[in-house]
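I have placed the structure first, in the form of structure tokens, so that the comments after it can refer back to it.
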Amino acid sequence: MTPIVVARREEAEIALAREIVALVQERHRVVIGLATGSTPVGVYRELARLRVQEDVDFGAVETFNLDEYLDLPSDHLQTFARWTREHFHAPLRISSERAHFIEAGIDGYEQLIQDAGGIDLQILGIGRNGHIAFNEPGSTRESRTREVELHPWTREDAAAAFGGLATVPHRAITMGVATILEARRLRVLAFGSRKAEIMKRVLEDAIGPEVPATFLREHRDLVLWLDREAAPKA
Ligand code: F6R
């Protein structure tokens, strides 16, 4: 896996947004897996800009969110469902019946993905501890959609958004590593110096559960973009 290192994150955001638009224009009906958080936000912004400026029709796009906190009221400001509605579905005019959210008690999430024909393109960020979605260290290659305990670093990183660590949930629901690896294309982004240490391990450590993002290296159609700050130093 040779990463594409860009001088500015916008270059990666534009490249990925362009790829998604090309897919949508070619096939119309495209299934996209959505990450949340600070990493993909520029891609979603660029897609919204392209919808208006180039009159792209995202109306037949179907989406599956990667993960969600548990133990939050459904109208809580920090739910990923709410976040993606605001940053992705509303600006791209994607109707609610095409937006699938992972939540407590849905056993059929994997079946829903299969019924939709599988995920064409999965967008991913990487946690400081090497997690993908909420597959924290220890998650196996075979793991599937399930409830998990959040790692202390994951909770710490979410603390600012929740106004303090005490109110960050301890549990979440996430697609598994195996679920993610079934997507036809994986498109991964990591930006900023706080990701540099883990990106070195993602690229160089032995593939295994200690750094779940190393499993991405087994995928046939993966593109990883890093900005200079996140790229391991030679
Ligand atoms: C979010 C998700 C997480 C984040 C990761 C990086 O849906 O699945 O794995 O992608 O924690 O978060 P940011 O982008 O905020 O640095």
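The values are calculated or read from the model by the stated rules, or taken from the named source; none is laboratory data. Keep in mind it's a predicted model, so treat the numbers as computed, not measured. FYI the Cβ positions are ideal-geometry reconstructions off the backbone, even for glycines, and counts take in every protein chain you see. Ligands, DNA and RNA are excluded from the accessible area calculation, which covers all protein heavy atoms including side chains. Shrake-Rupley method; radii C 1.70, N 1.55, O 1.52, S 1.80 Å.
For segment 149-157, what does the Karplus curve 6.51 cos²θ - 1.76 cosθ + 1.60, with θ = phi - 60°, yield as ³J(HN,Hα) per residue in whole Hz, taken in order and with x for Gly and Pro?
Once rounded to whole Hz, the list reads 8, 7, 6, x, 5, 5, 5, 4, 5.
Quickly rank 123-134, 97-108 as a protection proxy: mean count of other C-beta atoms within 10 Å, highest first. Don't skip to the end; give the middle numbers.
Values: 123-134: 24.0, 97-108: 14.7.
Highest-to-lowest ranking by the protection proxy: 123-134, 97-108.
Would you kindly calculate the mean projected area, averaged across all directions, of the convex hull enclosing the Cα atoms of the chain, in square nanometres? Provide the component values of the computation, followed by the final result.
Working: hull surface 47.8 nm².
Computed as one quarter of the Cα hull surface, the answer is 11.9 nm².
May I ask for the distance between the Cα centers of segment 194-212 and segment 60-84, given as a whole number of Å?
27 Å
Calculate, for the chain, the solvent-accessible area per residue in square angstrom, rolling a 1.4 angstrom probe over the heavy atoms of the protein chains. Could you put the intermediate results ahead of the total?
Numbers: 10800 Å² over 234 residues.
Per-residue accessible area for the chain comes out at 46 Å².
Could you sort the peptides 19-25, 116-122, 74-80 by per-residue average Cβ neighbour count (10 Å cutoff), highest mean leading?
On the way: 19-25: 17.4, 116-122: 19.0, 74-80: 14.6.
Ranking the peptides 19-25, 116-122, 74-80 by packing returns 116-122, 19-25, 74-80.
Once phi is turned into ³J(HN,Hα) by the Karplus curve 6.51 cos²θ - 1.76 cosθ + 1.60 with θ = phi - 60°, what whole-Hz value does each residue of segment 220-225 show in order, with x for glycine and proline?
Running phi through 6.51 cos²θ - 1.76 cosθ + 1.60 with θ = phi - 60° gives 7, 10, 10, 10, 10, 9 Hz.
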